[in-house]
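Every number in this text was worked out from the coordinates using simple rules, so none of it is lab data. The model shown is predicted, which means the values in this text are computed figures rather than measured ones. No Cβ is skipped: glycine too gets one built from the backbone with ideal geometry, and neighbour counts run over all protein chains shown.
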Amino acid sequence: MQTIKKLILLSATPITVFYPLPAVPFLIFSLSQSQLDLFIFLKIVVISFLFSATINLWNHLNDVLEDSIARKDNLFLTDRNLRNFVAVLIPVFYVFSFILIYNWVVDPLSIFLFPIVIFFTWAYSDTFLLGRYFRRFKEDYKTEVLTYVISYPLFSITLWTLSSKINTTAIMVSVLLTLFGLWGVTLKDIKDLTSDKLAGYNTLAVRFQPKTLLKISFLFIFLYYILLLPMSIQGLIKSASLIIIIMILFPIYTLHKLIKENWSFNENLIRPLNLMASSNVISIFLIGLVNLF
């Protein structure tokens, strides 16, 4: 039981708005439903949680060497049997996710879109098959960004089709969530800069200065909030959603602090950065809440 508990915790690391936080499922359910069908919400949560947990486990399983170099805790480092078990389990989860999508979606286009997401999320971490002959997608910033640019919108649209057919709102929501995702992508590798260099990776953090990545991340998160305006004007979301734009004050406050500190990381920035991250996640829940009824 202790191993299962650790495995579940590992599957929820890192924490994302797809899993274990149900922010994206809630947002998609709220905007795609004309009637509140909780069974539909359950389907969206199941796919979002199952697939995201699979991606996380797959990533941790393939990062054993890197985590060893960085001296990070990784459940698979010391338990070879568990490593072999999960290596078999991951393809099963991928296939099971596709079977559920095949049977649950109301728009058949997702049956063709979802395998693209599967391929990119697999190749992103894989060291067992393609990774033996080609550089993993996560090891180079170009293929890493490409993976997110393709997977984020397509997976969002796939979740949408568990409730409704693809429409303009679905496409715009996928763009909104992609901007949100790219905000996180530009920052996530900074903490792993040393281990990425030792492993010979060419990630965003290795290729660009933290100052540059921070500036790019603010561009994406500002665009995320600004996009709410045309979506509201076009009637894709309720006009009351515009009040959520006020959450942009948190990134503005953090940006002010960074400029004041000359874009250098220090203890004074921990609180503003954490506050901004929390407010950005909360904004997704709020958009869903405003549009729920």
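Have a look at V46, T16, L273 and report the one farthest towards the positive end of the charge dipole of the chain, computed about the Cα centre with Cβ charges (Lys/Arg +1, Asp/Glu -1).
Among V46, T16, L273, the one farthest towards the positive end of the dipole of the chain is L273.
List the lysines whose Cα lies under 24 Å from the Cα of K197, skipping any in the same chain that are fewer than 8 positions away.
Filter leaves K72, K138, K142, K188, K211, K215.
Among the lysines, which fall within straight-line cross-link reach of K165, defined as a Cα-Cα distance under 18 Å, with same-chain neighbours fewer than 8 residues apart omitted?
K43
Looking only at N59, N103, N202, which one moves most when the chain is put into a Gaussian network model with springs between Cα atoms under 10 Å?
In the Gaussian network model the winner is N103.
Using the crude model of +1 on Lys and Arg Cβ and -1 on Asp and Glu Cβ, and no other charge, please compute the dipole size for the range 2-290 relative to its Cα centre, in debye to 20.
So the magnitude is around 280 debye.
Reachable aspartates and glutamates from K5, Cα under 18 Å, same-chain residues fewer than 8 places away excluded?
D73, D79
Quick one: which of 19-26, 152-159, 217-224, 229-236 comes out on top by average Cβ neighbours within 10 Å, and what's the full order, highest first?
Listed from highest to lowest mean packing, they are 152-159, 19-26, 217-224, 229-236.
Tell me, which longest segment in the chain has none of the trypsin sites (Lys or Arg not before Pro) that fall in DSSP loops with at most 14 further Cβ atoms within 10 Å?
The longest uninterrupted stretch comes out as 166-293.
Which order do D79, D126 fall in if you start with the one that has the fewest other Cβ atoms within 10 Å?
By the 10 Å Cβ count, ascending, the order reads D79, D126.
When the expected Rg is taken as 2.2 N^0.38 Å, what fraction or multiple of it is the alpha-carbon Rg of the range 2-290?
In units of the 2.2 N^0.38 Å rule of thumb, it is 1.02.
Rounded to the nearest Å, what's the spacing between the alpha carbon centres of the range 90-167 and the range 246-285? Just the number, please.
31
Can you tell me the relative contact order of the range 2-290? Whole percent, Cα pairs under 8 Å, sequence separation 6 or more. Each step should come with its number before you reach the end.
Numbers: 323 pairs, mean separation 54.1, N = 289.
That works out to 19 percent.
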